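Encoded as structure tokens, the structure appears first; notes follow it.
The values are calculated or read from the model by the stated rules, or taken from the named source; none is laboratory data. On a predicted model such as this, the values are computed, not experimentally measured, just so you know. Note: ideal-geometry Cβ built from the backbone for every residue, glycine included; neighbour counts use all protein chains shown.
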Amino acid sequence: MRHSFITIMMAAAFFACSHHAFAAKKFKSIEVETAKFEKSDSTAEASVLVQWPVKGDKAVVDSLKKFINNLLDGEINSPKDVQPYGESLFESLSIDWHSVYDEMPPEERLGAFTRHYGITLEAQANNYVTYFYRQHEYQGGIHGFTTEVGFTFRKSDGKQIALLADTDSPELAQLIKKGVKKNFANGSEEEMSDEELLDYLFAEQAEDLNNLPLPGNAPYLSETGVVFLYTQYEIAPYSSGIITFEIPFADIRPFLTPEAQEMIQ
């Protein structure tokens, strides 16, 4: 009787381990169709680049399609819609340019009004996919403005989930400071000092660097880590550009939500 009990327990343990080993579902890779529009003249420049999801698990593919459609004014429901959307964008920019400059002397007119959109597949792993959105716009003035944002979607249900759990952690703050320094290091292996970093940022004292705010836009997942991105003017002047850096999974894992940790397994 004791032998039978041990045999049953061993079988149960084997089944439990086997079930755990095969419990992780294999999700399909997202495949895309690229649609592109470009047009320019002396009054307007417009371009639209969209990588439209065409294959993958239905939940996340549907979510990505809705996401792209919302970013582009509800006008994109398939790759073929990119061309008419781009034409309409170009025409609108040209009309705006003429309304501003037609009555000005030619020597006072500035360059063409521009708007460029890019929505592309940035990274994917078994459990998630990340899309990247970039917009550049110029409609007069000294310079244009660029917006860049990454969005990570869980493949199991197509949802975007919160990645960071302990956002007030001093240890996370140090990782952020280190990442910002890396952005300005230009490939150098030597870490810059706090005083050197101050030259690039709005912060006035070295102590302020230990409490830099997180970016306004949520971080996103690459294939090897979590990417943080500060837009222009967020923590630094325009001349410092867009500040972006990646924290490897091994370093950022303690600060991730349980859902995020599950996604990167």
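Looking at 197, 175, which one is touching a Lys or Arg at 6+ places or on another chain (Cβ under 8 Å), under 30 Å from residue 136 (Cβ atoms) and modelled with pLDDT of 95 or more? Please lay out each step first, then the result.
Working: 175 fails: touching a Lys or Arg at 6+ places or on another chain (Cβ under 8 Å).
Selected residue: 197, the only one of 197, 175 that is touching a Lys or Arg at 6+ places or on another chain (Cβ under 8 Å), under 30 Å from residue 136 (Cβ atoms) and modelled with pLDDT of 95 or more.
Restricting the search to the stretch 34-65, which residues are surrounded by fewer than 13 Cβ atoms within 10 Å (Cβ to Cβ) and among the charged types (D, E, K, R)? Quick ask: steps written out before the conclusion?
Taking the stretch 34-65 and keeping what is surrounded by fewer than 13 Cβ atoms within 10 Å (Cβ to Cβ), we get 34, 38, 41-42, 55, 58.
Within the stretch 34-65, 38, 41, 55, 58 qualify.
Would you point out the residue of the stretch 41-60, among those that are of a type in the set (A, V, I, L, M) and part of a strand (DSSP E or B), that is nearest to residue 94 (Cα to Cα)? So that I can check it myself, show each step before the final result.
As a first pass, look at the stretch 41-60 and keep what is of a type in the set (A, V, I, L, M): 44, 46, 48-50, 54, 59-60.
Subset that is part of a strand (DSSP E or B): 44, 46, 48-50, 54.
Working: 44: 5, 46: 10, 48: 16, 49: 20, 50: 22, 54: 33 Å.
Per the stated criteria, the residue is 44.
Here is a check on your reading of the model: is residue 246 more than 15 Å from the chain's Cα centre (by Cα) and either loosely packed, with under 12 Cβ neighbours inside 10 Å or not aliphatic (A, V, I, L, M) (or both)?
Details: more than 15 Å from the chain's Cα centre (by Cα): no; either loosely packed, with under 12 Cβ neighbours inside 10 Å or not aliphatic (A, V, I, L, M) (or both): yes.
No: the conditions fail for residue 246.
Go through (1) under 22 Å from residue 224 (Cβ atoms); (2) loosely packed, with under 15 Cβ neighbours inside 10 Å one by one and return the number of the condition residue 149 breaks.
(2)
Residues checked against (1) in contact with a His (Cβ under 8 Å, 6 or more places away or on another chain); (2) over 18 Å from residue 148 (Cβ atoms); (3) among the basic types (Lys, Arg); (4) assigned to a loop (DSSP other than H, G, I, E, B):
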site	(1), (2), (3), (4)
179	no, no, no, no
203	no, yes, no, yes
210	no, yes, no, no
216	no, no, no, yes
244	no, no, no, no
252	no, yes, no, no
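How many residues are closer than 17 Å to residue 165 by Cα, aliphatic (A, V, I, L, M) and assigned to a strand (DSSP E or B) if we restrict to the stretch 218-242?
So the first thing to find is which residues in the stretch 218-242 are closer than 17 Å to residue 165 by Cα, and the list is 218-221, 225-228.
Now restrict to residues that are aliphatic (A, V, I, L, M): 218, 221, 226-227.
Add one more test, that the residue is assigned to a strand (DSSP E or B), and what stays is 221, 226-227.
Qualifying residue count for the region: 3.
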